[in-house]
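*Asks:* Right, I'll just put the structure down here and ask away after.
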Amino acid sequence: MNILFIEDDMIETMKLKRTVSKLQSKHDITEAKNGEEAIEFLKTDADLPDIILLDLNMPRMSGIEFLKILKADEVMKYIPTIILTTSENRADLLECYRVGIAGYIIKPLKYEDYEAKIQKVLAYWETSELVKV
């Protein structure tokens, strides 16, 4: 699977890469440090990602602002977007689902718990039928 990972924290990026490297399946990860960088990537001629893992709290453009742009696009709106955040704010959760996310994952503090959650998310999307546009 091709994954677009939108995250400004280097430690979180390292955690994801470490977790994915332990999996049986091969996944290609494209990184973006904020929503603006992610939009630029999505508008290039590169293949669109199969899924997007998105942090909410980022500089320049929040995750919710990015989501609104993504979901307004006739092609990109079909890319499943999973929020991966520390925010337990119910207003964030409701707004994200209202805009059209595929899931909302709160990052656990313990690495082992984080690894287990990411493995489950990726296993689900490996088996789910994805829209190829």
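*Asks:* Output ³J(HN,Hα) for the range 104-112: one whole-Hz value per residue in order, computed from phi by the Karplus curve 6.51 cos²θ - 1.76 cosθ + 1.60 with θ = phi - 60°, and x for Gly and Pro.
*Replies:* Per residue, the Karplus-derived 3J(HN,Hα) values read 9, 10, 8, 5, x, 6, 7, 4, 4 Hz.
*Asks:* Taking only the alpha-carbon atoms of the chain, what semi-axes of the equivalent ellipsoid follow from 5 times the gyration tensor eigenvalues under a square root, in whole Å, largest first? Kindly include the intermediate steps, with their values, before the conclusion.
*Replies:* Values: eigenvalues 81, 65, 42 Å².
They are 20, 18, 14 Å, listed largest first.
*Asks:* Here's something else I'd like to know. What dipole magnitude, in Debye to the nearest 20, does the chain give about its Cα centre under +1 on Lys/Arg Cβ and -1 on Asp/Glu Cβ?
*Replies:* 340
*Asks:* Using every Cα-Cα pair within the range 29-69, state what percent have a distance larger than 12 Å. Please list the in-between numbers first.
*Replies:* Numbers: 450 of 820 pairs.
Cα-Cα pairs in the range 29-69 separated by more than 12 Å: 55 percent.
*Asks:* Reachable lysines from K120, Cα under 21 Å, same-chain residues fewer than 8 places away excluded?
*Replies:* Straight-distance partners of K120: K15, K17, K22, K26, K107, K110.
*Asks:* So how far, in whole Å, is the C-alpha centre of the range 91-133 from the one of the range 1-67?
*Replies:* Using only Cα atoms to place each centre, the spacing works out to 12 Å.
*Asks:* Tell me the trypsin sites (Lys or Arg not before Pro) within the range 21-59 that lie in a loop according to DSSP and have at most 14 other beta-carbon atoms within 10 Å. Please report the intermediate quantities before stating the final value.
*Replies:* Numbers: sites: K22, K26, K33, K43; in loops: K22, K26, K33, K43.
Here the sparse-neighbourhood loop sites are K22, K26, K43.
*Asks:* Counting only residues 5 or more places away or on other chains, whose amide H sits under 5 Å from the amide H of L84 once H atoms are built in the peptide plane?
*Replies:* Amide H neighbours of L84: L54, D55, L56, I105.
*Asks:* Pulled fully out, how much extra length does the chain show between T44 and K110, if you take 0.36 nm times their separation in residues and subtract their Cα-Cα distance?
*Replies:* Numbers: separation 66, 0.36 × 66 = 23.76 nm, distance 3.62 nm.
Separation in residues times 0.36 nm, less the Cα-Cα distance, equals 20.1 nm.
*Asks:* Give me the accessible area per residue for the chain, probe 1.4 Å, as a whole number in Å². Walk me through the numbers before you get to the answer.
*Replies:* Details: 7460 Å² over 133 residues.
That works out to 56 Å² for each residue.
*Asks:* Under a point spin-label approximation (7 Å from Cα along Cα-to-Cβ), what is the D28-E74 distance to one decimal in nm?
*Replies:* 2.6
*Asks:* For the chain, what is the calculated [θ] at 222 nm in deg cm²/dmol (nearest 500), taking -39500 (n - 2.57) for each run of four or more DSSP H residues and dividing by its residue count?
*Replies:* Working: 5 runs with 57 residues, N = 133.
Here the helix-only value at 222 nm equals -13000 deg cm²/dmol.
The values are calculated or read from the model by the stated rules, or taken from the named source; none is laboratory data. Please read these numbers as outputs of a predicted model, since none were measured by experiment. With ideal geometry, Cβ positions are generated from the backbone for all residues, glycine too; neighbour counts draw on all protein chains shown. The protein model used for the area step is the full one, side chains on, heavy atoms only, and it has no ligands, DNA or RNA in it. Shrake-Rupley method; radii C 1.70, N 1.55, O 1.52, S 1.80 Å.
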